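Participant: Let me begin by handing over the structure; questions about it come next.
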Amino acid sequence: MKKTSLTITGLMLVVAFLWSTPFLWTLVASFRPDNAGGINMASLVPDYVPTLANFKEAFESGDFVLYYLNTAIVAFGILAAQIVTISLAGYAFARLNFPGREFLFYVFLLQLMLVPPVLIVPNLRMVVDLGLYGSLLGVMLPYFASAFGTFLMRQTFRQIPRDFEEAAIIDGAHWWQVLWHVLLPMAKPGLVAFSLVSLIAHWNEFLWPLMVLNDPKNQTLTVGLASFAMGTEGGKEWGLLAAGTLLVMFPLLALFAAFQRQFVDSFMFSGLKG
């Protein structure tokens, strides 16, 4: 039994190392000075004095302040709208009784089976028809509803005993008061879990913003990083590219490091286990 446990642990460590190798390479390359040479760039063992020069040059070369602002507007704007829509939809599917409720719920979940690139053409046509092409709102609009978020909030609300809302109804509370003052505070773990997933997904989104945004002033971090990469002498300045990549990744790494415990606990609470 102990030997089996050690074998599994060893395999997990090997997989973790292989998975983290690209990140480790990026980390080493970002602190590597230009005069350290490019032949040994793939080595994970530093043979030089680390420097922050690549980060300074990357930040000055690309308009990262603007990219951060645009990305924050998109990611947090989408999340704000999604919190409203998934809370209302999750409440309806979890607590309200209406004809065809279960059928509509499973039809709604069909969105989870669609690969996002499949929806690019109809979404792009909708954005153009609404006159939102080239704007940050055009990037945000197709994501204002979320099938995954609706499913998560439905499961979360179903884990909450009805006694709390029944007591509020007896006291004269309306349904929206029950949702706002009773259910949502108790559904905080589910909201935290979804918020982290949503922020990570839309912070890293590349293809859809690339299709919609045509003004450099509206570029998000991922699109801006691609433009930055093309400007670094044909993509040959590995240290500079690595530093730019870490500038994009750092907020997400900090966010996950700060909330990783809540992230795991939230999914356990929300009832995804059944």
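Participant: Would you mind stating whether ALA201 is under 22 Å from ALA72 (Cα atoms), surrounded by fewer than 17 Cβ atoms within 10 Å (Cβ to Cβ) and without any contact (Cβ under 8 Å) to a residue 12 or more places away in the chain? Write out each step before concluding.
Facilitator: Details: under 22 Å from ALA72 (Cα atoms): yes; surrounded by fewer than 17 Cβ atoms within 10 Å (Cβ to Cβ): yes; without any contact (Cβ under 8 Å) to a residue 12 or more places away in the chain: yes.
The answer is yes for ALA201.
Participant: Within region 76-91, which residues are surrounded by 17 or more Cβ atoms within 10 Å (Cβ to Cβ) and among the aliphatic types (A, V, I, L, M)?
Facilitator: Hits for region 76-91 are ILE78, LEU79, ILE83, ILE86, ALA89.
Participant: Still on this structure, please answer the following. Quick one: which helices (runs of 4 or more DSSP H) lie wholly within region 100-168 and hold at least 2 residues that are of a type outside the set (Lys, Arg) and exposed (fewer than 15 other Cβ atoms within 10 Å of the Cβ)?
Facilitator: The qualifying helices (runs of 4 or more DSSP H) are 101-108, 120-129.
Participant: Considering LEU196, LEU246, which residue is among the hydrophobic types (A, V, I, L, M, F, W, C), over 28 Å from PHE31 (Cα atoms) and modelled with pLDDT of 85 or more?
Facilitator: LEU196
Participant: Pairs, please: C-beta under 6 Å, at least 6 apart or cross-chain, first residue farther than 30 Å from VAL139 by Cβ and without any contact (Cβ under 8 Å) to a residue 12 or more places away in the chain and in region 77-101, second crowded, with 16+ Cβ neighbours inside 10 Å and not aliphatic (A, V, I, L, M)?
Facilitator: Listed pairs, sorted by first residue: none to list.
Participant: I'd like to know if region 227-239 contains one or more residues that are modelled with pLDDT of 85 or more and assigned by TED's automatic domain parsing to the domain that holds LEU119. Don't jump to the end; show me each part of the working.
Facilitator: So the first thing to find is which residues in region 227-239 are modelled with pLDDT of 85 or more, and the list is none.
Checked against the condition, which is being modelled with pLDDT of 85 or more and assigned by TED's automatic domain parsing to the domain that holds LEU119, region 227-239 yields no hits at all.
Participant: Are any residues in region 77-99 in a loop (DSSP other than H, G, I, E, B) and within 17 Å of PRO161 (Cα to Cα), and if so, which ones?
Facilitator: LEU96, ASN97
Participant: If you don't mind, another one. Can you tell me which residues in region 89-105 are of a type outside the set (D, E, K, R) and either at pLDDT 90 or above or farther than 14 Å from TRP175 by Cα (or both)?
Facilitator: Correct list: ALA89, GLY90, TYR91, ALA92, PHE93, ALA94, PHE98, PRO99, GLY100, PHE103, LEU104, PHE105.
The values are calculated or read from the model by the stated rules, or taken from the named source; none is laboratory data. Quick caveat, the model's predicted, so the values are computed rather than measured. Note that each Cβ is placed from the backbone with ideal geometry, even for glycine, and that neighbours are counted across all protein chains shown.
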